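Below: the structure, in structure tokens.
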Amino acid sequence: MHNPYKTYSERLEEIKKNDLLRSFKDIDNRQDKTITYKHKSCLNLSSNDYLGLATDAVLCKEFYSRMDKENMINEYGLGSSSSRLLTGNSGLYEALEKRFCEFYGSKAALVFNSGYHANIGIIPALAGKNDLILSDSLNHASIVDGIRLSKARCMIFQHNDMDQLRRLLEKEKNGFDNTLIITESIFSMDGDRADIKELVALKEKHNALLYVDEAHSAGVFGSHGRGLSFEAGVHDRVDILLGTMGKAFASHGAYAITHPTLKSCLVNTMRPLLYSTALPPVAVNWNLFILNRMQYWDDRRKQLSRVSEQFRNALTKKGLVHTGDTHIIPVITGSNKKAVELSDLLIENGYLAFPIRPPTVPENNSRIRFSLTSDISFEDIEPVADIIAQYMKNQGS
Ligand SMILES: Cc1ncc(COP(=O)(O)O)c(C=O)c1O
């Protein structure tokens, strides 16, 4: 008799054989910069809480201290009950979008349930079958999925290769209605940056649209944490500037800074916005609370930049290969097995850093991805470079 589960067992066996098996982590007790993994307290080097706000108990207490019987449901409630197009909308959502407009000096902002939702919704809403998408080869899975859901023709340019992008624009764009260029600002797995100024120049020269996913730079770069496009002085020329709130904003959700016409188009046609329950009031309220304070955390941004540079220098001194120049610091191992072994060794020594393997990164490009947070000091992580160097030496690499 046919066993439909056999297909999946075989698939899992194959994954296991290639050292690619994933599982949920036994995580407990996140406190400041430490976290308990498999009952062992470790320094957390795998968090996207870049400013250390999600584990800041004082901040959390301040937020909840405002809760009373009168505002409990409308401002701290745990269920929004429906999509924003029905009864899930609220004055808090409107206030948050207004505050984002003030923060960026823009005319329109739109909040979403998550960065993943935003990417799989905005891209198909803006690019259809007569349009062209030009996408960086290292763009995040949520962008890739958004492109797959759109009916647009997609061409991939090599990572950060502006010459190839220019050639594609010159050669291809006339065959299509609109052209949408999509990039991340800080690349999530490589920790390097897009050349936003050049991207803006190219999109303007060719009358294209530019979509910049600032998931890893929102809250971290630019004055007051307004991101890399803001730092480059071109944020108002980016058509969709997407920030996520699950990382430096210590929360959940995402926002687009955009033009009012594009906002209206998204409100009318973006399926994850139309057909999914809105964020709970407590999450929207916390997002507003964080956004109102974002300007005051420049010291945390400076510390993050300082410790990232110190750690990178320590890796370089040991001859270790790492990419980029930001707080996301990947140390390349190549093989999946080495990435897993090295992660285990680091954890044994009290440093929590997980292996990143295909399909998240290309084949033979496995790595340990360190993502630093502003509450970590160089003294905390100084021994890490030694541990890695020793492991690599033992491996003969
Ligand atoms: C570049 C990028 N975009 C989007 C997302 C998805 O964001 P969210 O976690 O809010 O769904 C991520 C998540 O890691 C990301 O790295």
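I'd like the residue in segment 375-391 that is among the acidic types (Asp, Glu) and surrounded by 14 or more Cβ atoms within 10 Å (Cβ to Cβ) and, out of all such residues, is farthest from THR55 (Cα to Cα).
Checked segment 375-391; the qualifying residue farthest from THR55 (Cα to Cα) is ASP380.
Does THR277 fit the bill of being under 22 Å from GLY52 (Cα atoms) and modelled with pLDDT of 95 or more?
no
If the Cβ limit is 7 Å and pairs must be 6+ apart or interchain, which residue in segment 60-74 that is of a type in the set (A, V, I, L, M, F, W, C) pairs with which residue that is part of a helix (DSSP H, G or I)?
PHE63/TRP286; PHE63/PHE289; MET67/TYR76
Of all residues in segment 33-58 being touching a helix residue (DSSP H, G or I) at 6+ places or on another chain (Cβ under 8 Å) and of a type outside the set (Lys, Arg), which is surrounded by the most Cβ atoms within 10 Å (Cβ to Cβ)?
Checking each candidate, the answer is TYR50.
Of the conditions (1) assigned to a helix (DSSP H, G or I); (2) among the polar types (S, T, N, Q); (3) within 22 Å of the chain's Cα centre (by Cα), ASN74 fails just one. Which one is it?
The single condition ASN74 does not satisfy is (3).
Just to be sure, is ARG22 among the charged types (D, E, K, R), within 16 Å of the ligand (Cβ to nearest atom), free of Cβ contacts under 8 Å to residues at least 40 places away in the same chain and surrounded by fewer than 16 Cβ atoms within 10 Å (Cβ to Cβ)?
So ARG22 fits the description; yes.
Select, from ASN268, ASN285, the only residue that is assigned by TED's automatic domain parsing to the domain that holds THR87 and either among the β-branched types (Val, Ile, Thr) or at pLDDT 95 or above (or both).
Exactly one of ASN268, ASN285 is assigned by TED's automatic domain parsing to the domain that holds THR87 and either among the β-branched types (Val, Ile, Thr) or at pLDDT 95 or above (or both), namely ASN268.
Return yes when VAL200 is touching a Leu at 6+ places or on another chain (Cβ under 9 Å) and buried (at least 16 other Cβ atoms within 10 Å of the Cβ) and no when it is not.
yes
Quick check on my filter: what residues within segment 258-275 are outside any helix (DSSP H, G or I) and in contact with a Leu (Cβ under 8 Å, 6 or more places away or on another chain)?
Once the filter is applied, which keeps residues that are outside any helix (DSSP H, G or I) and in contact with a Leu (Cβ under 8 Å, 6 or more places away or on another chain), segment 258-275 yields only THR258.
Do we find a residue being within 25 Å of ASN160 (Cα to Cα), touching a residue at least 12 places away in the same chain (Cβ under 8 Å), surrounded by 16 or more Cβ atoms within 10 Å (Cβ to Cβ) and not aliphatic (A, V, I, L, M) anywhere in segment 341-358?
Yes, because at least one residue in segment 341-358 is within 25 Å of ASN160 (Cα to Cα), touching a residue at least 12 places away in the same chain (Cβ under 8 Å), surrounded by 16 or more Cβ atoms within 10 Å (Cβ to Cβ) and not aliphatic (A, V, I, L, M).
Every residue in segment 100-137 that is near the ligand (Cβ under 10 Å from one of its atoms), more than 13 Å from ARG271 (Cα to Cα) and assigned to a loop (DSSP other than H, G, I, E, B), please.
The one that is near the ligand (Cβ under 10 Å from one of its atoms), more than 13 Å from ARG271 (Cα to Cα) and assigned to a loop (DSSP other than H, G, I, E, B): SER114.
Output the residues belonging to segment 359-381 that are modelled with pLDDT under 95 and more than 21 Å from ILE186 (Cβ to Cβ).
GLU363, ASN364
Only one of these conditions is not met by GLU214: (1) away from the ligand (no atom under 16 Å from the Cβ); (2) within 30 Å of LEU53 (Cβ to Cβ). Which number is it?
Of the numbered conditions (1) away from the ligand (no atom under 16 Å from the Cβ); (2) within 30 Å of LEU53 (Cβ to Cβ), the odd one out for GLU214 is (1).
The values are calculated or read from the model by the stated rules, or taken from the named source; none is laboratory data. All values reported here derive from a predicted model rather than from experimental measurement. Cβ coordinates were reconstructed from backbone atoms using ideal geometry, including for glycine residues, and neighbour counts include every protein chain displayed.
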